[in-house]
Structures are given as C-alpha cells and as structure tokens.
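This report refers to the structure that appears directly beneath it.
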Amino acid sequence: MNIHEYQAKELLKSFGVAVSKGVAVLDAKDAEAAAKSLPGPLYVVKAQIHAGGRGKGRFKEASAGDKGGVRLAKSPAEAASFARQMLGATLVTKQTGAAGKQVNRIYIEDGSDIARELYLSALIDRATARVTFIVSTEGGMNIEEVAAETPEKIVRIAIDPATGFMPHHGRRIAKALALDGDLGKQCGKLIGQLYKAFVDKDMALLEVNPLIVTKAGALHVLDAKIGFDDNAIFRHAEIAALRDETEENEYERKAKEFDLSYVKLDGSIGCMVNGAGLAMSTMDIIKHYGAEPANFLDVGGGATKEKVTEAFKIITSDPHVKGILVNIFGGIMRCDVIAEGIIAAVNTVGLKVPLVVRLEGTNVELGKKILAESGLAITPADDLEDAAQKIVKAVG
C-alpha cells in the first residue's frame, strides 16, 4: 500500500523528522488560503499521485500548462492558479505510463533554500533479509540516470536486525553523503528516526529524494515516498485510513477484497492460475506463441468456489480481454472446485470470449467431467503448451 507525499511527511514528522510546512488541497478554491497560511514568500505546488518523476512529468491537457507536476509560485495567487490548472488534469510521468494519472490532490509547501541535494532510501533487501539504506550524493530528479550511468555513486548500508540501528550506521551513511561536523551528527540522528519509522510502521519502501542541506546548514526532508507491507496493514489502522482508492487500479482493488493476487497488464488474454510460479510460466508461454497476457492472477492453493467465481468475474470485466486461459495444477486446490467456480461465474456474467481450460492434479477427471457436462463453450486442453496454442489461435 502506498500513500501520498503529504501523508508520508506527516508520518515522518511524528517521528521527529524535519519536514517543510505544507497544506494538502483537494479543491482549488481553498488553494490561495492554504498558501497564505504558510510563511512564504516562495511556495511549491506539487501534484499528489502515486508515481515518481512528477517534476519532469507533463500534463495531457494544454490548459494545465507545461511546467510539470512540481511548480514554484512567487505568491499565494500564483499558487492558486497552478492548483486550478493541476487539479482534475492527467499527469504523465515515466512511472505512470502513457495513460498517466489524474491529479485529485495537490500539496502546497513552503519553499526551501537549497544548498545541496542528496538521495536516501530504505527498503527490505531480500538477498540479505535486512533493512538496507541506499544513499547517494547525487540526489534530485536525475537519480535514475545516476543509477544507470554512474552506479559507483550509490552506496548500500545494511542493518543487522539483531542489533537494529547503531551509531556507526549513521556515521557510515554520513560519510557516504559527504556530511561531516554538525551535519554528520544531524545525519546520524535522522537515520535513527527513519529506521524506527520504517520498522515500527512495517514499511516496504521509504524514499527521500531529495534530502537537502539548507543554506542555513540543516538537513531537511524535501520529498518523501512511502510504501507499506500489505500483509502487515491489519496491525496499523491509522495507516489503512490513509489509503486513496482512486490511485489504485479498479481490478486490483477488487481482487484485494477477495485475497486474490492480481496485476493488470496490457495484453488481450486473461489468465487464471493457481501458484505464482505457474502464473509466470503461463504468461511466458502466451508471449512465446505471439500474444500478450492481460493480467497476472494467482487464485492461491486453497481457493473456494466463491473465490474462483470472483476471479473469473474480474477477468471478464476487463474490456481488453479477448480470450481466457485457465491453467490449474491441483495439489491442495481441487480441479472440481475450479470447474464449479468457472461454471458459476459463466452462468452469472456470461461468456462472450473464447475460454480454454487446462486442468491437472487432484480430482482432475471429475473436474473435466463437470466442465464437459456443463453445456458451455469451453475448450479443454491436454497440457500447458496445448492450452496456449489454442487460446492464441482462438483470439487470432
């Protein structure tokens, strides 16, 4: 689960982290008053979407202007003008894809005097099973280019969970960021605060870009991006309350309600599979035979008839789906349950596209019998290769 920048800053502020004063605005008529509540005289107007690259992004609408999703205003009136242009417009960045994201919220923040821009993030490194800080002296909008062209400028520091954050971690990170003296001490304190926030709130990602050194000699979090471990959200009602469903894909949101692992893709063949590895293999073989998958969907090993029915409904509700491939290897999952779920779903929503089903494993003969006697236009397949060839041919 992701949250907006302004929400991330409020959360970090509760752990003692220094952030700029700012006000979130959902209605353009409130923007000028929001800006006037800040010290000024410079105001930063930021589009709030769950994607990076906002500063270099561009709006689809000409009326939104061509200054990107992060703009510097010199008066409250100008800040309000930018807010009116951004709200409701569609911002396209490297991370949104060509479709972009509609801006439903903006954040007006007090301007900062910047002496240096640094990069800092924390994530779970699955190779070491440790919270790892990734830092660079080259912060700002070009961090992707730094990673690609000069990776030696990026430093990784892992923290042993047995000890947690220790002062030497702060000193190592300060050295990597070329911060010494008082700034080095500030850095050590900041890393301790960020580590505590990361662990206490079950974060999956914490990115500060840029972390700035102000002209007054202070470290300051100028931007923040936070993602949380979905499996731990039940422990944090206050985090769950920050969820913005308008930022989530409607199909993925629906899938979460039924504990389905679903990711929307750009192809035309809908996939329903049990097991993440098998789902990946299914998508690969569809591509191998010249088509593209419309989704990743893992119904899990212990799916019920109702869960399978809902999974099928999600696939068929996608207008880009021109054919469906069901690939089930029944271990814990029983093939007859899958068959009953498919039939229930088809009887509920209808079947307007070709459907190929490959079943193998527990109760496979019963599952095939149920499908064969259903009277529905279902094409059986003997194995995965056969299934992929049949659905690709059916879709044309």
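Only the coordinates and a few stated rules stand behind these numbers; no lab work does. Because the structure is a prediction, the values reported are computed rather than measured. No Cβ is skipped: glycine too gets one built from the backbone with ideal geometry, and neighbour counts run over all protein chains shown.
Look at L120, L26, L38 and count the other Cβ atoms within 10 Å of each Cβ; fewest to most, that gives L26, L38, L120. Per-residue extension of 0.36 nm, minus the Cα-Cα distance of K175 and K60, leaves a gain of 37.2 nm for this segment.
Each label point was placed 7 Å from the Cα along the Cα-to-Cβ direction; for A99 and D230 their separation is 1.6 nm.
What the Kirkwood sum gives for segment 21-110 is a hydrodynamic radius of 12.5 Å, with every pair of different alpha carbons counted. Each of E385 and H288 was given a label point 7 Å from its Cα along the Cα-to-Cβ line. The distance between the two points is 0.8 nm. Is the shape of segment 247-350 rounded, prolate or oblate, going by the alpha carbon gyration tensor and its root eigenvalues a ≥ b ≥ c, with a/c under 1.5 for rounded and a/b larger than b/c for prolate? Because its axes are fairly even, with a/c under 1.5, segment 247-350 counts as rounded.
For segment 34-167, the Kirkwood hydrodynamic radius comes to 17.0 Å, computed from all pairs of different C-alpha atoms. Computed over the chain with a Gaussian network model linking Cα atoms closer than 10 Å, the most mobile of L205, L11, L265 is L265. Within the listed set G52, G97, G188, the Gaussian network model of the chain (springs between alpha-carbon atoms below 10 Å) gives the highest mean-square fluctuation for G97. Could you please report the charge total around K305, scoring K, R as +1 and D, E as -1 over all other residues with beta-carbon less than 11 angstrom from its beta-carbon? The answer is -2. For T150, T282, T214, the sequence from fewest to most other C-beta atoms within 10 Å is T150, T214, T282.
The order of K9, K29, K189, going from fewest to most other C-beta atoms within 10 Å of their C-beta, is K29, K189, K9.
Here segment 314-377 has an Rg and Dmax of 11.7, 33 Å, counting Cα atoms alone. A helix-only calculation puts the chain at -10000 deg cm²/dmol for mean residue ellipticity at 222 nm, using -39500 (n - 2.57) for each DSSP H run of at least four residues, averaged over all residues. Within the chain, antiparallel bridges make up roughly 75 percent of the DSSP beta bridges whose residues both belong there. Here is the P(r) of the chain: all C-alpha pair distances, binned every 20 Å from 0, give 24, 45, 27, 4 in whole percents. Extent along the principal axes, Cα only, for segment 128-249: 41, 34, 32 Å, with the longest axis given first.
Taking the Cα atoms only, what angle lies between the long axis of helix 384-395 and the longest principal axis of the chain, rounded to 10 degrees? Approximately 90 degrees, to the nearest ten. What FRET efficiency comes out for the pair T348/A216, r = Cβ-Cβ distance, R0 = 56 Å, nearest 0.05? Step by step, r from the Cβ atoms, then E = 0.30.
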